[in-house]
1. For the chain, what is the accessible area per residue in Å² when the probe is 1.4 Å?
2. What does the accessible area of GLU19 come to, in Å² to the nearest 10, when a probe of 1.4 Å is used?
3. Can you give me the orientation-averaged projected area of the convex hull built on the Cα atoms of the chain, in nm²?
4. Solvent-accessible area of SER122, probe 1.4 Å, all protein chains present, reported in Å² to the nearest ten, please.
5. Helix-derived [θ] at 222 nm for the chain: sum -39500 (n - 2.57) over DSSP H runs of at least 4, divide by residue count, nearest 500?
6. Accessible area of the chain with a 1.4 Å probe: how many percent of it is carbon plus sulfur?
7. Could you pull the Rg and Dmax for segment 37-112, using just the Cα atoms, both in Å?
8. What angle do you read, to the nearest 10 degrees and between 0 and 90, between the alpha-carbon axis of helix 34-45 and the longest principal axis of the chain?
Amino acid sequence: MAQTARANDVNRKFWEQAEQEPAWYVVEAIEGKEFELSIALEAAFMGSAEVLHLVEVVRTTRRIMAGGVMRRAASVRKVSRFGPLIFLRVAMTKGLCEKIFHMPLAAGVVRCKDGERPVVVSAEMIEFYKKSDSFGTAVMAMQIAVGDTVEVTQGPAIGWKGVVERVDNRRSLILDTSKFGGSAPLFVEAGHVALVVQCRKRPIEPDVKLRQRKRA
């Protein structure tokens, strides 16, 4: 009972501060709708919040046959660096969490393990995301699977270890840090971590159920 009382007190203090001080939170889009959700969030908050959708421009070249001649065709596409995740700086309330959850393109605000408090991303991490590039990310992601233990090698979270919970777009990772003293997940790009322990039984494919439907 004492533990429950302490948890309730922690949650109460969190919400009191969250309502007063804007901070960075993480909003998850339903699968494939992160670009549309980013636009929808911008429209919904009308400048009262800062929306950050980190995107990488990918240029590719392929050979095509045109008029009997082999030619090179270049294409450009935008890729979400953190998969379905969009960062939102706002003064958060429980009511606002519910409002975001009920947006047609949103799976909801990403929460801590207790399911009560939204995950807060530090301003230092956000600045690192903005300034860093994802060089080597796609290559490194091919070596990492759900269940592996990795260590962050760059940025404000350098030295932190976590177990890979999810791999998005073969680019970004969500790390469970609870085994190493953390209280919230870490969001990192695969190029910014080093593999520490490989999971013995590697899953056939990453868990994508959360992105395919809203949380129950």
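1. I get 58 Å² per residue for the chain.
2. Roughly 100 Å² of GLU19 is accessible to a 1.4 Å probe.
3. Computing the convex hull of the Cα atoms and averaging its projections yields 15.4 nm².
4. Result for SER122: roughly 50 Å² accessible.
5. One gets -7500 deg cm²/dmol as the mean residue ellipticity at 222 nm.
6. Working: 6660 of 12500 Å².
About 53 percent, which is the carbon plus sulfur part of the accessible surface.
7. Every Cα atom of segment 37-112 included, Rg and Dmax give 19.0, 62 Å.
8. So the inclination is approximately 40 degrees.
The values are calculated or read from the model by the stated rules, or taken from the named source; none is laboratory data. Predicted model, so just to flag it, every value in this text is computed and none were measured. Note: accessible area is taken over every heavy atom of the protein model, side chains too, but ligands, DNA and RNA are not part of it. Shrake-Rupley method; radii C 1.70, N 1.55, O 1.52, S 1.80 Å.
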